[in-house]
Amino acid sequence: SGEKTHGVCPVVHGANTSMEKPATRWWPDALNLDILHQNGARTNPMDPDFNYHDAVKALDFDAVKADVKALMTDSQDWWPADWGHYGGLMIRLSWHSAGSYRLADGRGGGGSGNIRFAPLNSWPDNASLDKARRLLWPIKKKYGNALSWADLILLSGTIAYESMGLKTFGFGFGREDIWGPEIDTYWGSEQEWLARSEERYDDLDDPSTLENPLAATHMGLIYVNPEGVNGVPDPMKTAAQIRETFARMAMNDEETAALTCGGHTVGKAHGRGAVDNIGVAPEATKVDQQGLGWSNPGQHGEATNAYTSGIEGAWTKDPIVFDMGYFDMLFGHEWEQVKSPAGACQWEPVNIKEEDKPVDPTDPTIRHNPMMTDADMAMKVDPIYNAYCQKFIADPAYFEDIFARAWFKLTHRDMGPRANYIGPDTPNEELVWQDPIPAGQSGYDVEAVKAKIVASTLSAADMITTAWDSARTYRGSDMRGGANGARIRLAPQKDWVGNEPARLAKVLAVLEPIAAETGASIADVIVLAGNVGIEQAIKAAGFNMDVPFRAGRGDASETMTDAESFSVLEPLADGFRNWQKQEYAVSPEEMMLDRAQLLGLTGWEMTVLVGGLRVLGANFGGSMHGVLTDRMGQLTTDFFVNLTDMGNSWHPRGDGTYEIRDRKSGKTKWTATSADLVFGSNSILRAYAEVYAQDDNHEKFLRDFIATWTKVMNADRFDLSA
Ligand code: HEM
């Protein structure tokens, strides 16, 4: 028409190109299923048949390691290496990538390359790590699909240490990249970066009151504030915070001391220039910055002027060598509290000889004071950390070994069992934090085992719930838990309330002898019995379908099991068995959603499992909530049919449970929890419930139930693909 569109946005107004979520904006209380559907096939640019574990096996490992090593000393003008060595920067990249891991839910950590995406790529604590990834890009580009970012990022710190003289403990490849931000990980509710710590503690003087599952003291930090609690220097207080935050990433006091001291044996902190000079984070950059954040306008290509944390200086005299220099410095001097050139709180030695000072990263004729952060001072003033430091000082070889092991644990903690490690440098030694499981047998007569199970006195519900309970602990976040190993028969799992210890003991007393008689593992027999129970329930519903079974699970022993580290796997709620241990701030359906995400289930998989398990009578303690059928024990679609039937009405009982009544007569037909009714109330879950309520889909329901059940039973079978 020739009319000007001046002032009118040419983009169709309905198009939603921002991060805003239209549904949750107006109805924030609706259960948001997005976490089940993140990082799906549609976000992944690899070919559908691409398998990273296969691809990385073809990698030329020696060539990659040589290239990473050469990169360390190949200083680039756009971000020059301190003392001509990128080791410190690469180690910090690895550590910050791995260090977001938290034990409570297994989320975070470096296993997925998540540091490439928001929010982690732009956390204030990750300043300048975008430079490290850009330095690594030519290597990523060269080796392509055979080398994931996640592997390269953790390899870079490991090779950095090797090139600085540390004998490392080994390295396992095999971390598969994701292609967008993780949306399942709760990083805190603060609206402001580095908000005061009070926001996430009930009582700041008691570090154990840090909100679960968080492990960092501030929004946007990996661990503690380097300047002190809330930025106020006090190494004793900082020590208490370090103890809690490192425990939350599965590190004990000795590992924590080794990591902190060994970490700061190399590299330096960057705090020249004013704080407001650093530039915006990558996610906030303009297009002409190409995602390179923290542009450091005052730097002008000189290592000396770089700004990162605001703290300034090296910890040791020779920051590009892995040596005992950190201990010499920390314990050989008295320290006083000062401000860095950028105004950050740090500690400097009172009286240090000129020749003991490190030289300037660019100009070797100039020497600067070394420094310690409040976290470093904590290693000296806290009696427990101090005692470990004395042990390290007395025996440098011991320190090197403890550090190398702790570094390996830090960088591999979220990779699951050793079956997932690939490459020539995977250590032979088995470590208890890997939750080892001995290799199982698959050569026994499965049909003979099945026959014995069928002949036993166990009910289908007992067999199904025991198999479910043994498998449901699996979490994809750090690949721990699951049915393999049969740890359900060991402490602490055998005593967890959610496992109904008395019933469990009764079932195991029947299944264990069957395993002993047939040569099958107990882990296999538990799963096989669950399958038998389901096949019986399918038959009872008038169908004939097999539940597939893969033999070969092993049985772990008590000595292979760090009982304490398993406590985090205890289910506190299980929507699939309509149970929760106590009342929580979050609803049962939210906890069910969280568990479904950890199990790797989609929305429809969660739906089909819940609906099936309800009519099988698999509820905790024999509860009848949500058993919307009058033929319990048959694998029917009754849960969905009755939930979607307008002949019923729904009534809260005031105690968190509900009655489902016949709309006409008012007669109560069933009771339910919100973890039942949500499948009718939430528009997305209702859409799935309708699929399974349809007259034409009983057989599809059975197929989908079997497939999803099998997926859960095999979720931890890394041995199958290895
Ligand atoms: C650098 C704090 C633990 C390895 C730094 C910097 C700070 C810091 C403030 C300076 C960043 C900069 O301005 O460039 C802390 C705190 C820790 C901790 C509060 C908790 C106790 C660790 C651990 C490791 C590590 C466990 C590794 C095992 C490093 C390295 C650098 C560094 C290698 C030097 C980076 C470079 O040379 O560019 N740390 N850190 N740190 N940190 Fe830590």
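The values are calculated or read from the model by the stated rules, or taken from the named source; none is laboratory data. The structure presented is a predicted model; accordingly, all values stated were derived computationally and were not measured. Virtual Cβ from ideal backbone geometry, glycine too; neighbours counted across all protein chains shown. Just the protein is used for accessible areas: all its heavy atoms, side chains included, with ligands, DNA and RNA removed. Shrake-Rupley method; radii C 1.70, N 1.55, O 1.52, S 1.80 Å.
What the table shows:
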| quantity | calculated |
| --- | --- |
| Selected residue (criterion: nearest to the chain's Cα centre (by Cα)) from residues of the stretch 292-318 that are more than 16 Å from Pro80 (Cβ to Cβ) and open to solvent by less than 30 Å² (accessible area, probe 1.4 Å) | Gly293 |
| Cβ pairs under 6 Å, 6+ apart, first in the stretch 202-224 and closer than 20 Å to Pro235 by Cβ and part of a loop (DSSP other than H, G, I, E, B), second away from the ligand (no atom under 16 Å from the Cβ) and of a type in the set (Asp, Glu) | Leu204/Glu198 |
| Contacts under 8 angstrom Cβ, first residue in the stretch 601-626 being within 21 Å of Leu33 (Cα to Cα) and of a type in the set (A, V, I, L, M), partner assigned to a helix (DSSP H, G or I) and modelled with pLDDT under 95, 6 or more apart | Leu601/Leu36; Met606/Leu36 |
| Members of the stretch 315-363 found to be in a strand (DSSP E or B), touching a Phe, Trp or Tyr at 6+ places or on another chain (Cβ under 9 Å) and within 16 Å of the ligand (Cβ to nearest atom), listed by number | Trp335, Gln337, Val338, Trp347, Glu348, Val359 |
| Restricting the stretch 115-141 to residues that are among the aromatic types (Phe, Trp, Tyr) and open to solvent by 20 Å² or more (accessible area, probe 1.4 Å), the residue that is nearest to Lys69 (Cα to Cα) | Trp137 |
| Selected residue (criterion: farthest from the chain's Cα centre (by Cα)) from residues of the stretch 275-291 that are in contact (Cβ under 8 Å) with a residue 12 or more places away in the chain and open to solvent by 50 Å² or more (accessible area, probe 1.4 Å) | Asn277 |
| Residues located in the stretch 508-559, provided they are surrounded by 22 or more Cβ atoms within 10 Å (Cβ to Cβ), closer than 13 Å to Ile464 by Cβ and in contact with an Asp or Glu (Cβ under 6 Å, 6 or more places away or on another chain) | none |
| Test: residue in the stretch 236-253 that is within 30 Å of Ile366 (Cα to Cα) and in contact (Cβ under 8 Å) with a residue 24 or more places away in the chain | no |
| Meets criteria (at pLDDT below 95, farther than 19 Å from Ala675 by Cα and open to solvent by less than 40 Å² (accessible area, probe 1.4 Å)) for Ser565 | yes |
| Residue, nearest to Asp562 (Cα to Cα), within the stretch 490-507, restricted to residues that are in contact with a helix residue (DSSP H, G or I) (Cβ under 6 Å, 6 or more places away or on another chain) and crowded, with 20+ Cβ neighbours inside 10 Å | Gln493 |
| Filtered residue count, the stretch 221-248, keeping only those that are charged (D, E, K, R), open to solvent by 40 Å² or more (accessible area, probe 1.4 Å) and more than 11 Å from the ligand (Cβ to nearest atom) | 3 |
| Filtered residue count, the stretch 38-50, keeping only those that are over 21 Å from Lys142 (Cβ atoms) and either of a type outside the set (A, V, I, L, M, F, W, C) or in contact with a Phe, Trp or Tyr (Cβ under 6 Å, 6 or more places away or on another chain) (or both) | 8 |
| Some residue of the stretch 666-675 being closer than 19 Å to Trp604 by Cα and under 29 Å from the mean Cα position of the chain (by Cα) | yes |
| Which numbered condition Gly144 fails, given (1) out of contact with any Lys or Arg (no Cβ under 7 Å at 6 or more places or on another chain); (2) open to solvent by less than 30 Å² (accessible area, probe 1.4 Å); (3) more than 16 Å from the ligand (Cβ to nearest atom); (4) touching a residue at least 12 places away in the same chain (Cβ under 8 Å) | (4) |
| Subset of the stretch 424-445 (residues that are touching a Ser or Thr at 6+ places or on another chain (Cβ under 9 Å), open to solvent by less than 40 Å² (accessible area, probe 1.4 Å) and either aliphatic (A, V, I, L, M) or not in a loop (DSSP other than H, G, I, E, B) (or both)) | Trp433 |
| Elements of type helices (runs of 4 or more DSSP H) in the stretch 369-417, at least 1 residues being within 11 Å of Leu330 (Cβ to Cβ) | 374-381, 383-394 |
